[in-house]
Structure formats: C-alpha cells, structure tokens
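The values are calculated or read from the model by the stated rules, or taken from the named source; none is laboratory data. No experiment lies behind these values; they were computed from the predicted model shown. Note: ideal-geometry Cβ built from the backbone for every residue, glycine included; neighbour counts use all protein chains shown. To get the accessible areas, we keep the full protein, side chains included, count just its heavy atoms, and leave off ligands, DNA and RNA. Shrake-Rupley method; radii C 1.70, N 1.55, O 1.52, S 1.80 Å.
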Amino acid sequence: AASAPAVAHVPDQADAVSKRMAAALRDAAEAGEIEEVMWLIAGDADVNAQSSNGCTALDLAAERGHEGFVRLLGEELPQRLEDVYDILCQAEARSDYRDVLKWEGRMEELL
C-alpha cells in the first residue's frame, strides 16, 4: 500500500507575521532606523526574538553603537514609549499640535 506523502509543518499566519516583525525590528535596530523601531515595538514586535545566530535587536543595536536604541530596547522602556506614542497619536488625531510637540519632546527624552 502506498503511504501518504509527508506534509511539512507550515507555521500559522500569526507565527509567520511575528517572525517577520521580529526580523524587521532587528534590521531596523542594526541600521539605526528609530522611527521604524518605534512603529514595530508599538505593533508588538518581539524585542527578545533571536536571529538564527542568536542575536536580538538589542544585541545588534549595541554592536553598531546605537546607544539610544539600547535604552529603547531595554527592560521597561518599550511599554513607556508605547504609552507616549499612543498619546502622541491621539494628539495628532485631535490636531492638537501644542500637545504633539510636548509629547514628541517626551519621546525624545526617553530615547
């Protein structure tokens, strides 16, 4: 009797998206692209995900001397940055540009 062909494991879509976001975060951190890093963190990219050689976004940022990224990708800062970013987006949606400037300044302080 013929046996059924082996079916390779196909990761679900959420897993694939998560891996792509983590890879994009590592690339952005290594390249020094702060806005992209902030967007990816706000989109829940895994800051602790490792590349095939075991590097995280934090490792790559540190290797390239991006000190602000080291603080950004550190322990609790992503949540604080995400909170400030949410407030900034709300101010932009209200066209409250005084508030936008205030919260952009706060974001720069965090970096």
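Computed with a 1.4 Å probe on the full set of protein chains, the accessible area for residue 102 sits at about 120 Å².
Taking Cβ atoms as reference points and 12 Å as the exclusive limit, the residues near residue 56 contribute a net charge of -3, counting Lys and Arg as +1 and Asp and Glu as -1. Would you work out if segment 23-72 is rounded, prolate or oblate? Take a ≥ b ≥ c from the square roots of the eigenvalues of the alpha-carbon gyration tensor; rounded if a/c is under 1.5, else prolate when a/b is larger than b/c, oblate otherwise. Since a/c reaches 1.5 but b/c is at least a/b, the shape of segment 23-72 is classed as oblate.
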